[in-house]
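Asker: Below you will find the structure I want to go over with you.
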Amino acid sequence: MKIQLQRNKIQDKHKKIVFMHIPKTAGSSVNEYFTSIVGSEKSRTFAEHDIYSGKLAGDLISKYDFVSGHFFYGHVARFQDQALFFTVLRDPYKQLVSQIKWLDRYNLQHNLAEKNDLSRESKDIIEMIGQTDLGSVHQLDELLVHLPPYGYHLLNNLQSRFIIGDSGNFDPLSLRDIGFIAHNLKKFDYFCTLDQLSEVVPQVAMAAGYNDTPFDRHANRNDGPTEIDLRDPIVRKVLEKHILVDLLLYDMVENSAI
(Lines give C-alpha, C1' and ligand atoms only; values in the text may rest on other atoms or scores of the structure.)
Protein backbone atom coordinates (compact mmCIF):
# COMPACT_ATOMS: atom_id res chain seq x y z
CA MET A 1 0.00 0.00 0.00
CA LYS A 2 2.82 2.43 0.81
CA ILE A 3 4.40 1.74 -2.58
CA GLN A 4 1.12 2.46 -4.35
CA LEU A 5 0.65 5.69 -2.44
CA GLN A 6 4.18 6.75 -3.29
CA ARG A 7 3.54 6.07 -6.98
CA ASN A 8 0.37 8.14 -6.89
CA LYS A 9 2.26 10.98 -5.24
CA ILE A 10 4.87 10.91 -7.99
CA GLN A 11 2.22 10.81 -10.70
CA ASP A 12 0.51 13.86 -9.20
CA LYS A 13 3.65 15.85 -9.97
CA HIS A 14 3.35 15.15 -13.68
CA LYS A 15 2.17 18.06 -15.74
CA LYS A 16 -0.13 17.44 -18.66
CA ILE A 17 1.20 17.96 -22.18
CA VAL A 18 -0.74 19.41 -25.12
CA PHE A 19 0.94 18.95 -28.47
CA MET A 20 -0.47 20.99 -31.35
CA HIS A 21 0.43 18.68 -34.22
CA ILE A 22 0.74 20.86 -37.31
CA PRO A 23 0.35 18.54 -40.33
CA LYS A 24 3.51 17.15 -41.88
CA THR A 25 5.92 18.20 -39.13
CA ALA A 26 7.01 14.74 -37.87
CA GLY A 27 4.27 14.76 -35.27
CA SER A 28 3.75 11.01 -35.44
CA SER A 29 7.24 10.49 -34.00
CA VAL A 30 6.47 12.96 -31.20
CA ASN A 31 3.21 11.12 -30.51
CA GLU A 32 5.02 7.80 -30.25
CA TYR A 33 7.61 9.25 -27.87
CA PHE A 34 5.15 10.76 -25.41
CA THR A 35 2.71 7.87 -25.61
CA SER A 36 5.55 5.52 -24.67
CA ILE A 37 6.55 7.50 -21.58
CA VAL A 38 3.08 8.66 -20.49
CA GLY A 39 1.28 5.41 -21.31
CA SER A 40 -1.23 4.69 -24.05
CA GLU A 41 -4.16 4.68 -21.62
CA LYS A 42 -3.28 8.24 -20.56
CA SER A 43 -2.64 9.52 -24.09
CA ARG A 44 -5.04 10.80 -26.73
CA THR A 45 -3.57 11.32 -30.19
CA PHE A 46 -5.38 12.67 -33.26
CA ALA A 47 -7.71 14.41 -30.83
CA GLU A 48 -8.94 16.69 -33.61
CA HIS A 49 -11.53 13.99 -34.34
CA ASP A 50 -12.91 14.44 -30.83
CA ILE A 51 -12.89 18.22 -31.02
CA TYR A 52 -14.51 18.42 -34.46
CA SER A 53 -17.20 15.98 -33.31
CA GLY A 54 -18.15 18.34 -30.51
CA LYS A 55 -16.10 17.22 -27.51
CA LEU A 56 -14.51 19.94 -25.38
CA ALA A 57 -10.74 20.27 -25.39
CA GLY A 58 -10.86 20.93 -21.65
CA ASP A 59 -12.49 17.56 -21.02
CA LEU A 60 -9.78 15.81 -23.03
CA ILE A 61 -7.03 17.62 -21.12
CA SER A 62 -8.68 16.69 -17.82
CA LYS A 63 -8.93 13.03 -18.81
CA TYR A 64 -5.56 12.48 -20.49
CA ASP A 65 -1.99 13.41 -19.57
CA PHE A 66 -0.89 13.74 -23.21
CA VAL A 67 -3.25 15.25 -25.78
CA SER A 68 -2.15 15.64 -29.39
CA GLY A 69 -3.95 16.49 -32.58
CA HIS A 70 -4.36 18.56 -35.71
CA PHE A 71 -6.33 21.14 -33.76
CA PHE A 72 -5.80 24.88 -34.07
CA TYR A 73 -4.45 26.96 -31.20
CA GLY A 74 -7.87 28.55 -30.80
CA HIS A 75 -9.35 25.20 -29.83
CA VAL A 76 -7.13 24.88 -26.75
CA ALA A 77 -5.90 28.40 -25.93
CA ARG A 78 -8.12 28.97 -22.91
CA PHE A 79 -6.78 25.83 -21.25
CA GLN A 80 -3.19 27.08 -21.33
CA ASP A 81 -2.80 27.04 -17.56
CA GLN A 82 -3.73 23.36 -17.37
CA ALA A 83 -0.83 21.90 -19.38
CA LEU A 84 2.52 22.41 -21.05
CA PHE A 85 1.91 23.53 -24.64
CA PHE A 86 4.27 22.34 -27.36
CA THR A 87 4.46 22.53 -31.15
CA VAL A 88 6.96 21.93 -33.96
CA LEU A 89 7.68 23.87 -37.15
CA ARG A 90 9.20 22.48 -40.32
CA ASP A 91 11.02 24.01 -43.28
CA PRO A 92 8.04 25.60 -45.07
CA TYR A 93 9.01 24.39 -48.55
CA LYS A 94 9.21 20.80 -47.36
CA GLN A 95 6.06 21.09 -45.27
CA LEU A 96 4.00 22.38 -48.20
CA VAL A 97 5.31 19.74 -50.60
CA SER A 98 4.61 17.04 -48.04
CA GLN A 99 1.08 18.36 -47.50
CA ILE A 100 0.36 18.34 -51.25
CA LYS A 101 1.73 14.81 -51.51
CA TRP A 102 -0.37 13.69 -48.53
CA LEU A 103 -3.54 15.02 -50.15
CA ASP A 104 -2.60 13.46 -53.49
CA ARG A 105 -2.42 10.00 -51.92
CA TYR A 106 -6.22 10.03 -51.64
CA ASN A 107 -6.33 9.84 -55.43
CA LEU A 108 -4.80 6.35 -55.34
CA GLN A 109 -7.25 3.53 -55.97
CA HIS A 110 -6.74 1.86 -52.59
CA ASN A 111 -7.53 5.15 -50.78
CA LEU A 112 -10.77 6.02 -52.62
CA ALA A 113 -13.01 4.66 -49.86
CA GLU A 114 -11.19 6.83 -47.33
CA LYS A 115 -11.43 9.80 -49.70
CA ASN A 116 -15.20 9.40 -49.93
CA ASP A 117 -15.47 9.98 -46.18
CA LEU A 118 -13.87 13.44 -46.48
CA SER A 119 -15.71 16.72 -46.81
CA ARG A 120 -16.79 17.94 -50.22
CA GLU A 121 -14.33 20.82 -49.96
CA SER A 122 -11.41 18.50 -49.22
CA LYS A 123 -12.34 16.20 -52.10
CA ASP A 124 -12.44 19.17 -54.48
CA ILE A 125 -8.86 20.11 -53.58
CA ILE A 126 -7.70 16.50 -53.80
CA GLU A 127 -9.23 16.16 -57.26
CA MET A 128 -7.57 19.39 -58.37
CA ILE A 129 -4.23 18.00 -57.23
CA GLY A 130 -4.95 14.69 -58.96
CA GLN A 131 -5.53 16.49 -62.26
CA THR A 132 -2.21 18.32 -61.94
CA ASP A 133 1.14 17.13 -63.24
CA LEU A 134 3.10 18.07 -60.13
CA GLY A 135 6.34 17.61 -62.03
CA SER A 136 5.41 20.53 -64.29
CA VAL A 137 6.22 23.86 -62.69
CA HIS A 138 3.63 25.52 -64.93
CA GLN A 139 0.83 23.17 -63.85
CA LEU A 140 1.91 23.43 -60.22
CA ASP A 141 1.68 27.20 -60.52
CA GLU A 142 -1.78 26.97 -62.10
CA LEU A 143 -2.94 24.76 -59.23
CA LEU A 144 -1.72 27.14 -56.54
CA VAL A 145 -2.87 30.30 -58.30
CA HIS A 146 -6.43 29.03 -58.73
CA LEU A 147 -7.08 27.58 -55.31
CA PRO A 148 -10.64 27.96 -53.99
CA PRO A 149 -11.07 29.31 -50.43
CA TYR A 150 -10.72 25.88 -48.80
CA GLY A 151 -7.48 25.41 -50.70
CA TYR A 152 -6.04 28.36 -48.80
CA HIS A 153 -7.18 26.69 -45.60
CA LEU A 154 -5.19 23.54 -46.49
CA LEU A 155 -2.16 24.92 -48.31
CA ASN A 156 -1.58 28.61 -47.61
CA ASN A 157 0.90 29.29 -44.76
CA LEU A 158 -0.52 26.31 -42.89
CA GLN A 159 1.90 26.46 -39.98
CA SER A 160 1.15 30.11 -39.26
CA ARG A 161 -2.56 29.40 -39.77
CA PHE A 162 -2.56 26.80 -36.98
CA ILE A 163 -0.81 29.21 -34.62
CA ILE A 164 -3.23 32.05 -35.40
CA GLY A 165 -5.81 29.54 -34.26
CA ASP A 166 -8.90 30.31 -36.35
CA SER A 167 -10.07 27.06 -37.94
CA GLY A 168 -12.72 28.96 -39.90
CA ASN A 169 -10.29 31.27 -41.71
CA PHE A 170 -10.24 30.48 -45.45
CA ASP A 171 -8.44 33.68 -46.48
CA PRO A 172 -4.78 33.89 -47.53
CA LEU A 173 -2.41 35.13 -44.84
CA SER A 174 -0.14 38.13 -45.34
CA LEU A 175 2.89 39.60 -43.65
CA ARG A 176 0.66 41.85 -41.59
CA ASP A 177 -0.33 38.72 -39.62
CA ILE A 178 3.19 37.92 -38.41
CA GLY A 179 2.97 40.03 -35.25
CA PHE A 180 -0.14 38.21 -34.05
CA ILE A 181 1.38 34.84 -35.00
CA ALA A 182 4.55 35.56 -33.03
CA HIS A 183 2.45 36.78 -30.09
CA ASN A 184 0.54 33.48 -29.99
CA LEU A 185 3.63 31.35 -30.44
CA LYS A 186 5.25 33.02 -27.42
CA LYS A 187 2.42 31.59 -25.31
CA PHE A 188 3.64 28.06 -25.99
CA ASP A 189 5.87 26.63 -23.29
CA TYR A 190 8.03 24.93 -25.93
CA PHE A 191 8.36 25.23 -29.69
CA CYS A 192 11.14 24.26 -32.04
CA THR A 193 12.04 23.39 -35.61
CA LEU A 194 12.20 19.83 -36.87
CA ASP A 195 16.00 19.95 -36.67
CA GLN A 196 15.82 20.79 -32.95
CA LEU A 197 13.46 17.96 -31.98
CA SER A 198 16.06 15.62 -30.50
CA GLU A 199 17.14 18.35 -28.10
CA VAL A 200 13.78 19.88 -27.20
CA VAL A 201 11.45 16.88 -26.86
CA PRO A 202 13.31 15.41 -23.84
CA GLN A 203 13.21 18.90 -22.26
CA VAL A 204 9.42 18.89 -22.56
CA ALA A 205 9.28 15.44 -20.96
CA MET A 206 11.47 16.52 -18.03
CA ALA A 207 9.48 19.74 -17.55
CA ALA A 208 6.37 17.59 -17.26
CA GLY A 209 8.04 15.46 -14.58
CA TYR A 210 9.14 12.45 -16.59
CA ASN A 211 12.59 10.93 -16.93
CA ASP A 212 15.12 12.30 -19.38
CA THR A 213 14.39 9.84 -22.19
CA PRO A 214 16.36 10.31 -25.45
CA PHE A 215 14.29 11.09 -28.51
CA ASP A 216 15.24 9.10 -31.58
CA ARG A 217 13.71 11.14 -34.38
CA HIS A 218 12.35 9.10 -37.25
CA ALA A 219 12.11 10.34 -40.80
CA ASN A 220 8.60 11.26 -41.87
CA ARG A 221 7.18 7.98 -43.11
CA ASN A 222 5.25 9.63 -45.91
CA ASP A 223 8.07 11.73 -47.32
CA GLY A 224 9.32 9.54 -50.13
CA PRO A 225 10.17 10.77 -53.62
CA THR A 226 7.91 13.42 -55.11
CA GLU A 227 7.58 15.03 -58.50
CA ILE A 228 7.98 18.50 -56.98
CA ASP A 229 11.68 19.29 -57.29
CA LEU A 230 12.73 21.71 -54.54
CA ARG A 231 16.16 22.03 -56.16
CA ASP A 232 14.53 24.00 -58.98
CA PRO A 233 14.59 27.73 -58.10
CA ILE A 234 11.45 28.38 -60.17
CA VAL A 235 9.58 25.68 -58.26
CA ARG A 236 10.62 27.35 -55.02
CA LYS A 237 9.36 30.72 -56.27
CA VAL A 238 6.01 29.14 -57.19
CA LEU A 239 5.67 27.63 -53.72
CA GLU A 240 6.91 30.77 -52.00
CA LYS A 241 3.68 32.60 -52.84
CA HIS A 242 1.88 30.35 -50.36
CA ILE A 243 4.50 30.14 -47.61
CA LEU A 244 5.86 33.67 -47.32
CA VAL A 245 4.50 34.14 -43.78
CA ASP A 246 5.64 30.65 -42.78
CA LEU A 247 9.12 31.39 -44.10
CA LEU A 248 9.38 34.53 -41.99
CA LEU A 249 8.07 32.73 -38.93
CA TYR A 250 10.42 29.79 -39.44
CA ASP A 251 13.39 32.14 -39.79
CA MET A 252 12.42 33.89 -36.54
CA VAL A 253 12.19 30.58 -34.67
CA GLU A 254 15.40 29.23 -36.18
CA ASN A 255 17.25 32.38 -35.13
CA SER A 256 15.61 32.60 -31.70
CA ALA A 257 13.95 35.90 -32.56
CA ILE A 258 10.71 35.01 -30.76
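The values are calculated or read from the model by the stated rules, or taken from the named source; none is laboratory data. Because the structure is predicted, anything quoted here is derived from the model rather than measured. For neighbour counting, all protein chains shown are included, and Cβ atoms are generated from backbone atoms with ideal geometry for every residue, glycine included. The accessibility values were calculated without ligands, DNA or RNA, using every heavy atom of the protein model including side chains. Shrake-Rupley method; radii C 1.70, N 1.55, O 1.52, S 1.80 Å.
Asker: Exactly one of (1) open to solvent by 10 Å² or more (accessible area, probe 1.4 Å); (2) under 30 Å from residue 234 (Cβ atoms); (3) polar (S, T, N, Q) is unmet by residue 160. Its number?
Answerer: (1)
Asker: Let me ask something else. Determine whether the range 48-63 contains at least one residue that is within 15 Å of the chain's Cα centre (by Cα) and under 24 Å from residue 197 (Cα atoms).
Answerer: yes
Asker: Also: From 150, 210, which residue is under 17 Å from residue 70 (Cα atoms) and among the hydroxyl-bearing types (Ser, Thr, Tyr)?
Answerer: Step by step, each of 150, 210 is checked, and only 150 is under 17 Å from residue 70 (Cα atoms) and among the hydroxyl-bearing types (Ser, Thr, Tyr).
Asker: What tally of residues in the range 29-43 results from selecting those that are open to solvent by less than 50 Å² (accessible area, probe 1.4 Å) and not in a loop (DSSP other than H, G, I, E, B)?
Answerer: 9
Asker: While we're on this one: Within the range 75-96, which residues are open to solvent by less than 10 Å² (accessible area, probe 1.4 Å) and either assigned to a helix (DSSP H, G or I) or at positive phi (or both)?
Answerer: 76, 92, 95, 96
Asker: Within the range 61-74, how many residues turn out to be buried (at least 20 other Cβ atoms within 10 Å of the Cβ) and in a helix (DSSP H, G or I)?
Answerer: Here the count works out to 2.
Asker: Among the residues of the range 106-145, how many are without any contact (Cβ under 8 Å) to a residue 60 or more places away in the chain, assigned to a loop (DSSP other than H, G, I, E, B) and open to solvent by 40 Å² or more (accessible area, probe 1.4 Å)?
Answerer: Total satisfying the criteria: 5.
Asker: Could you look through the range 64-79, keep only residues that are under 16 Å from residue 164 (Cα atoms) and of a type in the set (A, V, I, L, M), and pick out the one that is nearest to the chain's Cα centre (by Cα)?
Answerer: 76
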